[in-house]
Amino acid sequence: MKANSSTQQKKTGADTIQRLMAFGALIILFVVFSLASPYFFTLSNVIGILVSTAVNGLLAIGVTFIIISGGIDLSVGTVMTLSAVMAAVTVRNWGMPNIFGVLAAVLTGTFAGAVNGLMVSKLKLPPFIATLGMLNVARGLSLVITDLSPIYFPLETGWNRIAMGSVLGTIIPGFDIPNGVLIMFGSALVAGLILSKTVIGRYAFAIGSNEEAARLSGLNIVLWKTAIYAVGGLFVGIGGVIIAARLNSAQPALGLGYELDAIAAAVIGGVSLSGGEGNILGTIIGAFIISTLTNGLRILSVPQEWQIVVTGLIILSAVYLDILRKKASAN
Amino acid sequence: MNDTLVLMEGIDKRFPGVQALKGCQFNLQRGEVHALVGENGAGKSTLMKILAGIYQVDGGTITFKGEQVTIPNPHTAQTMGISMVHQELNLMSHLTAAQNIFIGREPTKSFLIDENTQNNKTKEIFELMNLNLDPTMRVSKMTVAKQQMVEIAKALSFNADVLIFDEPSGALTDVETAELFRIIRQLKAEGTGIIYITHRMEELKEISDRITVLRDGLYVNTVNTRETSINEIINMMVGRVIYESSPEIPEERSQEIVLEVKNLSRGNELKDVSFQLMKGEILGFAGLIGAGRTETARAIFGADPVDSGEVFINGKPVHIKRPSDAVAHDIAYLSEDRKRYGLCLSLDLKTNIVLPIYQKLSSVLGWVKDKRAYTISKNIVDQLSIRTPSLEQKAKNLSGGNQQKVVVGKWLAKDADILIFDEPTRGIDVGAKQEIYSLLNELAAQGKSIIMISSELPEIIRMSHRVIVMCEGRVTGNLDYSEATQENIMKFATMRNGGNAKKSAQPS
Ligand SMILES: Nc1ncnc2c1ncn2[C@@H]1O[C@H](COP(=O)(O)OP(=O)(O)OP(=O)(O)O)[C@@H](O)[C@H]1O
Ligand SMILES: [Mg+2]
């Protein structure tokens, strides 16, 4: 009994250490950049970082569900774009109220996710291939629907304010945190709850941990995988709303490469690419690390191509640190 | 009122290249323990997986409580009241014990999983089983035996009418097996029908009421346990007479120390483990679960680090940091959990067998000499009579016992000097067990040194030249074969809080 409870402590201990580690890395980045540049730690710049995290954060949340279930989703970037396009079509071309635009985006993301899930579970396509196909389909569809040119939201719709307005600022004057940031945090909260407290989250861990065992336990793998990919897609759809609001338009050519940032954020945050492990808090911290880095390096006028190199190195060291941590906690 | 729970008739099942079952029949009454026996690959697991909804029949009928049924998936089987403990562990290692047990039927409170209820219910089941285990412990942190107990707890939690145990005792030691039998007897008294697959003949007499024998996918017979001798059953299983090998202790026992381990320690798991292994010796390792036998083996093999301790091979100190170091020193280790550590399930039989010697089999440029690989693995397959349609069969499609033979064969092909076998005969049928025993004897006679970890005392007693007994991470006994009786071993195996480790560390 005694031995059991101490293992229990050890387990939670290791989890906490990991979160602390990612969080610690974030703090260190902040300190270093603040010392290096007086422009870094200012309210407007920090808000800028928050805003630029919102989209990647939402995509990363989506992809976290899928990686935990033992899969991968390469289509999050272009599906986000397709969601944005569908929102723009609904609001501008069809003249419907914003709420229907939001709905269109979220439904598009969820639907694309569900299709991914069905391809993986029912047709047994490898997730990498299935979502690579979806990446192209979604990208192509965006271009077809928009006829290759961006759709702008008319100003009077106020679409822009969905992400860039600040409800908080009107309540607490001077505290102008844009809605997009709040939406990301709200989504993270809900996603965390789904992942750790509901059956769908539990089954994501179960399937990612040992799919055969889950199947023999009587789980309907087709149903649950589809659901998991659909939930992931839902957050991607929300990401589509935010990006459309930030740009006040749907840019059909956008989206390629976003999937890699999202996967990187999840991995930096401790989501295991072999499935069965991870949490939303880590993923969000991972997303912050990436955007803080990008922002800080830009302020220090590091050329963009070098920023990319540094991001790559950060991903590698994050994963390596995670391996070291696991080794340490195994003993 | 009919007491027949299950009636399976004329069951046919084909897999690509194999007719696993041909017109098999089976029936189960309320309140009976019905054993199902047969050689490796006879079709026992397949027949039961059909009943549990995992496979669909190609022909034949299933009647459940008087009604003809089809069982399309595991979930349907569960709701009908059929639950099964599988031959292979099927747990989700990242989840806790309770989460594994209640997977698919979590208690919820307004959409959220009610972990408390789940943990408490699990605790209740564990208490019924006299099992001291924390429901919130992650399965990956448990030993194989504990994991097996979690599987059993899971099967029990369904309160099923039909309970299928596919070689449940394979991963358990005597104490836990006794506990399992107590539970089975209790369920039987409550009217549950229990199907019990085993290769341990002594268990048949102890627990079963009737026995059905399969051979090569065919139904042989169903007999009453009380009216049948074990030999008759074995004859039905294999269709020939089996000779039991006795220990072959050489007259002149070598005093040449091949492997010496001094004061191996790690946390609570290993405490000052010291012993010596002689040339040409079969050294048995006995003990209860958690005694530290597997941990010792893994530490020597470099699979896990140690806090302190030294290892000498042929008198020279060696530093084995990882398994490849051990292999370079001609040590082979057959792990107890074949699925996790022993096999590449999606590779074919041939590749699995020659995996440890791939480097030897390839030319300078890394080109693999396929012919050699073929002959070597063909030899092993014949030697161990591994039942497979071809050498290209994927390991995951072999029956459990045949998978185990592949793991054994893999290390035989390696031709190492020091062989550590962790539960080498788990899940292997009586005939093949004898073949493995004679192989071990032969290897020892050739001058190879063997460490054999086993939870089956009769096996330890029959095979070992010398027996090391462990308890709670310590070496508590070191017995020569003449002193290695069941009582003696059990005495040392339960010597908690020390015993005299110093004294017993010397070979007698
Ligand atoms: N999924 C599968 N695909 C192909 N062949 C299979 C599959 N499952 C079982 N077989 C084959 O069917 C036969 C019967 O296998 P089964 O697992 O039922 O044997 P068993 O009696 O349980 O043996 P053991 O005592 O070794 O567990 C074997 O020849 C096996 O190789
Ligand atoms: Mg079997």
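General observations
- Test: residue in segment A:254-277 that is in contact with a Phe, Trp or Tyr (Cβ under 8 Å, 6 or more places away or on another chain), at pLDDT below 95 and open to solvent by less than 10 Å² (accessible area, probe 1.4 Å): yes
- Qualifying residue in segment A:199-208 (condition: under 18 Å from the mean Cα position of the chain (by Cα), away from every other protein chain (no Cβ under 14 Å) and touching a residue at least 24 places away in the same chain (Cβ under 8 Å)): no
- Hey, residue B:483 more than 14 Å from chain A (Cβ to nearest Cβ), more than 16 Å from ligand 2 (Cβ to nearest atom), part of a loop (DSSP other than H, G, I, E, B) and surrounded by fewer than 19 Cβ atoms within 10 Å (Cβ to Cβ) or not: yes
- Residues of segment B:83-131 satisfying the condition of being facing chain A (nearest Cβ under 7 Å) and either charged (D, E, K, R) or crowded, with 17+ Cβ neighbours inside 10 Å (or both): B:86, B:90, B:91, B:92, B:93, B:94, B:95, B:99, B:103, B:104, B:106, B:113
- For segment B:370-388, the criterion of being touching a Gly at 6+ places or on another chain (Cβ under 8 Å), among the polar types (S, T, N, Q) and not in a loop (DSSP other than H, G, I, E, B) is met by at least one residue.
- Only residues that are at pLDDT below 95 and open to solvent by 70 Å² or more (accessible area, probe 1.4 Å) were counted across segment A:148-176, and they come to 12.
- Any hit, segment A:281-292, residues being in a helix (DSSP H, G or I), more than 12 Å from the chain's Cα centre (by Cα) and surrounded by fewer than 16 Cβ atoms within 10 Å (Cβ to Cβ): no
- Residue in segment B:351-358 that is out of contact with any Lys or Arg (no Cβ under 6 Å at 6 or more places or on another chain), modelled with pLDDT under 90 and open to solvent by 50 Å² or more (accessible area, probe 1.4 Å) present: yes
- Matching option when the condition is under 19 Å from the mean Cα position of the chain (by Cα) and open to solvent by 20 Å² or more (accessible area, probe 1.4 Å), among B:442, B:435, B:459, B:392: B:435
- Residue that is farthest from the other protein chains (Cβ to nearest Cβ), among those in segment B:167-197 that are over 19 Å from residue B:52 (Cα atoms) and within 16 Å of ligand 2 (Cβ to nearest atom): B:169
- Within segment B:25-41, the set of residues being assigned to a loop (DSSP other than H, G, I, E, B) and more than 13 Å from ligand 1 (Cβ to nearest atom) comprises B:30, B:31, B:32.
- The listed residue being at positive phi and buried (at least 20 other Cβ atoms within 10 Å of the Cβ), out of B:31, B:60, B:23, B:38: B:38
- Qualifying residue in segment A:45-63 (condition: open to solvent by 30 Å² or more (accessible area, probe 1.4 Å), hydroxyl-bearing (Ser, Thr, Tyr) and over 15 Å from the mean Cα position of the chain (by Cα)): no
- Selection status of residue A:321, open to solvent by 50 Å² or more (accessible area, probe 1.4 Å) and part of a helix (DSSP H, G or I): yes
- Flag if residue B:428 is crowded, with 23+ Cβ neighbours inside 10 Å, modelled with pLDDT under 85 and not assigned by TED's automatic domain parsing to the domain that holds residue B:352: yes
- Within segment A:203-252, being open to solvent by less than 10 Å² (accessible area, probe 1.4 Å) and in contact with a strand residue (DSSP E or B) (Cβ under 9 Å, 6 or more places away or on another chain) holds for A:240, A:244, A:249, A:250, A:252.
- Across segment A:74-92, a minimum of one residue is classified as more than 17 Å from residue A:250 (Cβ to Cβ) and of a type outside the set (S, T, N, Q).
- Boolean, residue B:191 is within 16 Å of ligand 1 (Cβ to nearest atom) and either out of contact with any strand residue (DSSP E or B) (no Cβ under 8 Å at 6 or more places or on another chain) or under 24 Å from residue B:486 (Cα atoms) (or both): no
- Residue in segment B:67-78 that is within 13 Å of chain A (Cβ to nearest Cβ), more than 16 Å from ligand 2 (Cβ to nearest atom) and touching a residue at least 60 places away in the same chain (Cβ under 8 Å) present: yes
- Restricted to segment B:1-20, and to residues there that are modelled with pLDDT of 95 or more and within 16 Å of ligand 2 (Cβ to nearest atom), the residue that is farthest from the other protein chains (Cβ to nearest Cβ) is B:11.
- Whenever a residue of segment B:42-63 is within 14 Å of chain A (Cβ to nearest Cβ) and assigned to a helix (DSSP H, G or I), its partners that are more than 10 Å from ligand 1 (Cβ to nearest atom) and open to solvent by 30 Å² or more (accessible area, probe 1.4 Å), lying with C-beta atoms within less than 7 angstrom and at least six residues away or across chains, give the pairs B:50/B:57.
- Checking each residue in segment A:293-307 for being in contact (Cβ under 8 Å) with a residue 60 or more places away in the chain and either assigned to a helix (DSSP H, G or I) or within 14 Å of another protein chain (Cβ to nearest Cβ) (or both) picks out A:293, A:294, A:295, A:296, A:299.
- The residues of segment B:249-270 that are more than 14 Å from chain A (Cβ to nearest Cβ) and open to solvent by 30 Å² or more (accessible area, probe 1.4 Å), listed by number, are B:249, B:250, B:251, B:252, B:253, B:254, B:255, B:256, B:257, B:260, B:262, B:263.
- Within segment A:118-136, the set of residues being open to solvent by 30 Å² or more (accessible area, probe 1.4 Å), touching a residue at least 60 places away in the same chain (Cβ under 8 Å) and outside any loop (DSSP other than H, G, I, E, B) comprises A:118, A:127.
The values are calculated or read from the model by the stated rules, or taken from the named source; none is laboratory data. Fair warning: this is a prediction, and the values are worked out from it, not measured in the lab. Reconstructed Cβ throughout: ideal geometry from the backbone, glycine too, with neighbour counts over all protein chains shown. For the accessible areas, the whole protein counts, side chains as well, though only heavy atoms, and no ligand, DNA or RNA atoms are used. Shrake-Rupley method; radii C 1.70, N 1.55, O 1.52, S 1.80 Å.
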